[in-house]
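Below you'll find the structure, written out as structure tokens, and then a few comments.
The values are calculated or read from the model by the stated rules, or taken from the named source; none is laboratory data. In this text the structure is predicted, and so the values were computed from the model without any measurement. Cβ sites come from the backbone with ideal geometry, for glycine too, and all protein chains shown count toward neighbours. Each accessible area value is taken on the protein alone, full model and side chains, heavy atoms only, with ligands, DNA and RNA left out. Shrake-Rupley method; radii C 1.70, N 1.55, O 1.52, S 1.80 Å.
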Amino acid sequence: MTVTAHATTTFDLGPARALSCRECGHQVPLAAEFACVECFGPLEVSYEFGEITRAAIESGPNSIWRYRDLLPVPSDVDTQPNTEPGLTRLVKADRLAAALGVKSLWVKDDTGNPTHSFKDRVVAVALAAARQLGFTVLACPSTGNLANAVAAAAARAGWESVVLIPSSLERAKVLTTAVYDGALIAVDGNYDDVNRLATELAAEHEDWAFVNVNVRPYYAEGSKTLGYEVAEQLGWRLPDQVVVPVASGAQLTKVDKGFREFTELGLVEAKPYRVFGAQATGCSPVSAAFKAGLDVVSPVKPDTIARSLAIGAPADGPYVLDAVRRTNGAVEDVTDEEVVEGIRLLARTEGIFAETAGGVTVATAKKLIDTGQLDPDAETVLFITGDGLKTLDAVQDRIGPRATVPPSAAAVRKALES
Ligand SMILES: *Cc1c(COP(=O)(O)O)cnc(C)c1O
Ligand SMILES: [Zn+2]
């Protein structure tokens with residue numbers, strides 16, 4: 001977190017001071033850059049934090065902006081139009097705990113964000129940073145949740161948006177993006193084609209901020225707020241274990257970063273905690289690398305119903321391996337069948353309908369418990385990152401009315417008895 005003298009700041013991004021290479025440590029001034037010129041490693045935001053107190057945070061806005069002094073955003077960020085995500089419920093999940101055979105369990109329910117997934121957190125930070133960096137158009141390649149979040153944030157800010165999606169995307173995700181009336185472009189190709197197009201277009205259009213490409217270092221920091229909120233909502237302390245879904249892996253590494261920053265700033269007491277990663281077997285490159293004891297992650301071709309986690313070449317894969325090994329955690333994966341069971345288990349025990357990524361988290365937690373990797377006596381938090389209304393296809397063939405009856409009480413009684 002030390003900052004060299006030549007990395008001068010010209011943009012007001014709050015406590016952010018420079019971008020540092022995660023591989024070689026080379027620093028550059030704050031700008032819309034994402035790869036190190038020395039070694040092509042990914043760049044990450046470095047900070048110089050002022051004095052931050054629990055009271056100051058508690059008196060802040062009821063959104064991620066209560067943590068603005070820990071994010072790469074200006075101090076008046078809460079006066080600028082944005083989606084104000086965050087401060088979602090932390091639910092004490094006693095009935096799910098009983099079903100899984102654990103003592104103390106919480107669910108961080110991020111279905112409650114403005115566009116119903118955790119992506120609103122990262123997009124809100126990306127928009128705030130992009131505004132300071134001089135961009136005027138918000139853009140992304142996406143398979144759904146990011147498309148929703150970018151189109152909504154741009155609409156709220158009065159910005160134009162350009163959202164690129166594969167043309168095969170589910171109807172629901174197309175409509176829930178298109179309704180915000182930005183430029184939604186369906187590309188005949190898969191997500192990799194769309195991603196490559198985004199990188200090409202980002203180089204051509206100086207005023208387009210592709211949230212997960214040219215402003216990715218700022219965007220990724222938004223996930224720290226998940227870690228901050230869990231610690232604050234537990235009464236300013238860290239949990240013993242967390243289970244986090246892994247796509248690119250950024251979210252998992254930033255939850256860990258959030259816990260470490262809170263500890264370094266004295267906002268919570270230092271204590272050991274364990275970070276676990278959750279993947280769908282049909283796209284489990286990080287789990288495979290973890291189990292094989294490798295430091296590198298070999299790309300795979302995704303084939304799973306958990307499409308929001310279907311990134312075959314995860315950018316933060318190696319850093320996920322670092323975080324879980326350092327904290328004595330693990331990465332595990334579950335079949336699509338188990339994912340659907342996970343969705344249904346969470347719904348019937350806690351009344352929370354999660355998308356497929358949530359099913360991955362619940363099912364992975366169950367597998368980690370059944371295989372003795374997760375301690376059933378330790379306090380555990382599961383991250384539920386998206387709403388089940390986004391992925392109705394995953395469950396539609398398995399659930400429905402118990403019976404269809406004529407409008408008579410006798411018929412209802414008979415149906416209830418059978
Ligand atoms: C994008 C996404 C994730 C994973 O995020 P990464 O930071 O890429 O690992 C998890 N859950 C949902 C619902 C998502 O949309
Ligand atoms: Zn480097």
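Residues checked against (1) among the basic types (Lys, Arg); (2) within 16 Å of ligand 1 (Cβ to nearest atom); (3) assigned to a loop (DSSP other than H, G, I, E, B):
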{"site": "12", "(1), (2), (3)": "no, no, yes"}
{"site": "39", "(1), (2), (3)": "no, no, yes"}
{"site": "52", "(1), (2), (3)": "no, no, yes"}
{"site": "62", "(1), (2), (3)": "no, no, yes"}
{"site": "67", "(1), (2), (3)": "no, no, no"}
{"site": "73", "(1), (2), (3)": "no, no, yes"}
{"site": "81", "(1), (2), (3)": "no, no, yes"}
{"site": "95", "(1), (2), (3)": "yes, no, no"}
Select from segment 14-37 the residues that are within 16 Å of ligand 1 (Cβ to nearest atom) and closer than 24 Å to residue 134 by Cβ and list them in ascending order. 34
Within segment 26-38, the residues that are open to solvent by 40 Å² or more (accessible area, probe 1.4 Å), within 10 Å of ligand 2 (Cβ to nearest atom) and over 18 Å from residue 203 (Cβ atoms) are 26, 38
Test residue 307 against the criterion of being touching a residue at least 40 places away in the same chain (Cβ under 8 Å), more than 25 Å from residue 240 (Cβ to Cβ) and among the basic types (Lys, Arg), and give yes or no. yes
Identify all residues within segment 39-69 that are of a type in the set (Lys, Arg) and either at pLDDT below 95 or open to solvent by less than 70 Å² (accessible area, probe 1.4 Å) (or both); write none if there are none. 66, 68
Six or more apart or on different chains, Cβ under 7 Å: which pairs go from a residue in segment 279-298 that's under 14 Å from residue 359 (Cβ atoms) and assigned by TED's automatic domain parsing to the domain that holds residue 384 to one that's open to solvent by 20 Å² or more (accessible area, probe 1.4 Å) and in a helix (DSSP H, G or I)? Could you list them? 280/336; 282/336
From the options 380, 404, residue that is in the same structural domain as residue 100 (by TED's automatic domain parsing), out of contact with any Cys (no Cβ under 6 Å at 6 or more places or on another chain) and more than 15 Å from ligand 1 (Cβ to nearest atom): 380
Residue hits (segment 375-404; part of a loop (DSSP other than H, G, I, E, B), in contact (Cβ under 8 Å) with a residue 24 or more places away in the chain and not hydrophobic (A, V, I, L, M, F, W, C)) are 375, 376, 377, 379, 385, 398
Mind telling me which of the residues 194, 230, 213 ends up being touching a strand residue (DSSP E or B) at 6+ places or on another chain (Cβ under 6 Å) and in contact (Cβ under 8 Å) with a residue 60 or more places away in the chain? 230
Consider segment 44-69. How many of its residues are in contact with a strand residue (DSSP E or B) (Cβ under 8 Å, 6 or more places away or on another chain) and over 22 Å from residue 157 (Cβ atoms)? 4
Could you say whether any residue in segment 344-362 is touching a helix residue (DSSP H, G or I) at 6+ places or on another chain (Cβ under 7 Å) and acidic (Asp, Glu)? yes
Sole exception among (1) of a type in the set (A, V, I, L, M); (2) more than 22 Å from residue 121 (Cβ to Cβ); (3) out of contact with any Phe, Trp or Tyr (no Cβ under 9 Å at 6 or more places or on another chain) for residue 362, by number: (2)
Determine the pairs where a residue that is over 15 Å from residue 271 (Cα atoms), located within segment 316-330, has a partner that is assigned to a loop (DSSP other than H, G, I, E, B) and open to solvent by less than 10 Å² (accessible area, probe 1.4 Å) with Cβ atoms under 7 Å apart, the partner being 6 or more residues away or on another chain. 316/249; 317/249; 319/249; 320/246; 320/249
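A quick yes/no check of all residues on (1) aliphatic (A, V, I, L, M); (2) more than 17 Å from residue 308 (Cα to Cα); (3) in contact with a strand residue (DSSP E or B) (Cβ under 6 Å, 6 or more places away or on another chain):
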site	(1), (2), (3)
348	no, yes, no
359	no, no, no
367	no, yes, yes
375	no, yes, no
381	yes, yes, yes
386	no, no, yes
396	no, yes, no
